[in-house]
1. Across the range 5-132, how large is the tail of the calculated P(r) beyond 25 Å, expressed as a percent of all Cα pairs?
2. Tell me, what HN-Hα J-couplings in whole Hz come from the Karplus equation 6.51 cos²θ - 1.76 cosθ + 1.60 at θ = phi - 60° for each residue of the range 290-304, using x for Gly and Pro?
3. In whole Å, largest first, what are the principal axis extents of the Cα atoms in the range 149-351?
4. R0 = 35 Å: FRET efficiency of residue 308 with residue 67, Cβ-based, nearest 0.05?
5. For the range 149-351, give the magnitude of the charge dipole about the Cα centre (Cβ charges: +1 Lys/Arg, -1 Asp/Glu; no others), in debye to the nearest 20.
6. Taking the Cα centre of the chain as the origin, how large is its charge dipole in debye, to the nearest 20, when only Lys and Arg (+1) and Asp and Glu (-1) carry charge on their Cβ atoms?
7. Report the FRET efficiency, 1/(1 + (r/R0)^6), for residue 6 and residue 123, where r is their Cβ-Cβ distance and R0 is 22 Å, rounded to 0.05.
8. Counting only residues 5 or more places away or on other chains, whose amide H sits under 5 Å from the amide H of residue 170 once H atoms are built in the peptide plane?
Amino acid sequence: MANPIRVLIVDDSAVVRQVMSEVLARAPGIEVIGTASDPIFAIDRMKKSWPDVITLDVEMPRMDGITFLKQIMAERPTPVVVCSTLTGNGSETAMQALAAGAVSVITKPTLGLKDFLKGSSDDLIAAIRGAARANLRALGACTAPRARTSVAPLTPTESGSAMAETTDRIIAIGTSTGGTQALEAVLTRLPRTTPGIIVVQHMPEKFTALFAQRLNHVCAMEVLEAADGQRVIPGRVLIAPGGRHMSLRRNGAQYVVDVRDGPPVNRHKPSVDVLFRSVARCAGRNALGVIMTGMGDDGARGLREMRDAGARTIAQDEESCVVFGMPKEAIKLDAAERVLSLDQIPGAMVAGS
């Protein structure tokens, strides 16, 4: 039998530590090797036995989770799943955690915490298993600091009038675990004349607005959380809101997005398959589909439908993925016309190939 995934739980809540330990103790292939009420205690425990995965609260006494996370990633990179209460400031802090190298985030409420942890045990276990498979070398490359001033245009600068035009080309991107860092690495290299981009990144509610704001500050393109009926135009990136599906439709000569509620697809809402299938129907050969790092198979079948409809399709390669799940499944289905590294994807997007 394979060795179990050894997990350290770091949270200042005794309830969280207790319930999370009970939940994980029942999961095959996972072993809780200890708990700690703050990072200082965690450091002492880790000196004796280093975990495979750390679950980490963000706001704790003596040392905050962000500082601890940065210290871990600098000294001995280890997969970290952030468990954060999503209040206004908490969401901002959790976004900083993702930027600092956290593999994924589990949203925990301020009330009904015990019932939530038990009811969401499958999500927690899946996040830990995905984190254990994370390619930390790729994650480290994605989290290298990037500034807006360092963005190098991949094509000659064109007039600003392109911002107001209707696009004939559409770029659709789907990603999950490791995607926040990968998207930043890609989007910061695109000029503002790039065709309109629509993105599904698996994220909880409230995160996508902050994520879009963060990207908007560092990208030449305008980055927004998508709203129902919003136009897709060159120079604009629309990110599907957490907890809502996003699809593309044609409105006369224009492309717009529909943002709707609905049941999860492939356990996700938003779902990459929902987006890709709508792009296959509405844009066909005028579209480019890109599937990047992520756990599971969401988007693989939708990318195949895009390719069958004449779209160009790309999958991120294994070496540059944090988790080679979604691209791997797309490649198995022969959905990807090309398999490219993260560094190669921006140029391919601009070239339309």
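Nothing in this text is a laboratory measurement; each read-out follows from the coordinates by a stated rule. Model, not experiment: these values are computed from the prediction. Backbone-built Cβ (ideal geometry, glycine too); neighbour counts: all protein chains shown.
1. Pairs farther apart than 25 Å: 13 percent.
2. 3J(HN,Hα) across the range 290-304, in whole Hz: 10, 10, 10, 2, x, 8, x, 10, 4, x, 5, 5, x, 5, 4.
3. Per principal axis, max minus min of the Cα coordinates gives 41, 35, 34 Å.
4. Working: r = 49 Å, r/R0 = 1.39.
Computed FRET efficiency for residue 308 and residue 67 comes out at 0.10.
5. Working: 23 positive and 22 negative charges, 81 e Å.
My answer is approximately 400 debye.
6. 340 debye
7. Values: r = 20 Å, r/R0 = 0.91.
Rounded to the nearest 0.05, the efficiency is 0.65.
8. The answer is 287, 288.
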